[in-house]
1. Write down the radius of gyration of the stretch 15-56 and its Dmax, each obtained from C-alpha positions, in Å.
2. Just check the stretch 17-92 against the gyration tensor rule for me: Cα atoms, a ≥ b ≥ c as the square roots of the eigenvalues, rounded for a/c under 1.5, and otherwise prolate or oblate depending on whether a/b exceeds b/c.
3. Mean separation of Cα pairs under 8 Å and 6+ residues apart, divided by the residue count of the chain: what relative contact order is that in percent?
4. Using a simple charge model, +1 on the beta-carbon of Lys and Arg, -1 on the beta-carbon of Asp and Glu, nothing else, what dipole does the chain show about its Cα centre, in debye to the nearest 20?
5. Separation between the K164 and I177 pseudo-spin-labels, each 7 Å from Cα along Cα→Cβ, expressed in nm?
6. How much FRET efficiency would the formula 1/(1 + (r/R0)^6) give for A202 and A63, where r is the Cβ-Cβ distance and R0 is 22 Å, rounded to 0.05?
7. Can you give the helix-only mean residue ellipticity at 222 nm for the chain, where every DSSP H stretch with n ≥ 4 adds -39500 (n - 2.57) and the sum goes over all residues, rounded to the nearest 500 deg cm²/dmol?
8. At 7 Å along Cα-to-Cβ for each site, give me the label-to-label distance between R138 and D192 in nm.
Amino acid sequence: MPSSRKLFAVIPAAGLSRRMGRPKLLLPLGEKTVIRHLLDALDRPDVAGRVVVLRRDDEALAAEVRSAGAIVVAPASPPPDMRSSVQHALDAIRATHAPTADDGWLLVPADHPLLVADVLAQLIKAWNTSDAPILVPRCDGRRGHPTFFRWSLADEVVTIPCDKGLNELVRWHMNDIAEISLQDRSVLYDLDTPEDYEAMQARFRGE
């Protein structure tokens, strides 16, 4: 595949952390916040841009994202769901980078701070040598994060019904998905509840 193929990271971060009971993306993990761990993992030469979509009133999160050198997208109205957040991110990338159909975007939840550099490198290498429109990691029989999409699918996001999520886009192309089997369970971890946070702190400490 041509080395000029670009890849952009799309990070929806407009949720209210209701299950956590406090803003989870600014919680500390070691010496960094949850969101900073993710943004630093994605700060690599083969990722052309990191775009974080958040609520306009979330000034603390916006400051943390900017301090990591990532792009903040803060719509006038809070995105009601992940599909809307992704659409805002894609619009911003389209306006500033004019991606080609063969470029790509990876979707990763903002509460996914344990993204391992070696795992990400393995996935990006697989993506760059694949013709599939979608690529997902799989571990322990489950699909994980991040999910990679060809830019040619970006225009389909806006056509997803309002009562459906991004999984609908995956379903539409279910026969053309490339799956990468991994042994590293970090692709399955996310952060929703206080119990998740305690478990993630333990994993971060290597317990």
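Every read-out reported here was derived from the displayed coordinates using simple, explicitly stated rules and does not represent laboratory data. Quantities reported herein were computed from a predicted structural model and do not represent experimental measurements. Using ideal geometry, Cβ is built from the backbone for each residue, glycine included, and neighbour counts are taken over all protein chains shown.
1. 12.2, 36
2. Numbers: a/c = 1.80, a/b = 1.06, b/c = 1.71.
The shape class here is oblate.
3. Working: 341 pairs, mean separation 50.3, N = 207.
Result for the chain is 24 percent.
4. On the way: 25 positive and 29 negative charges, 27 e Å.
The calculated dipole for the chain is roughly 120 debye.
5. With each label placed 7 Å out from Cα toward Cβ, I get 1.4 nm.
6. Numbers: r = 28 Å, r/R0 = 1.29.
Working from the Cβ atoms, E equals 0.20.
7. Computed ellipticity for the chain at 222 nm equals -9000 deg cm²/dmol.
8. The two pseudo-label positions are separated by 2.2 nm.
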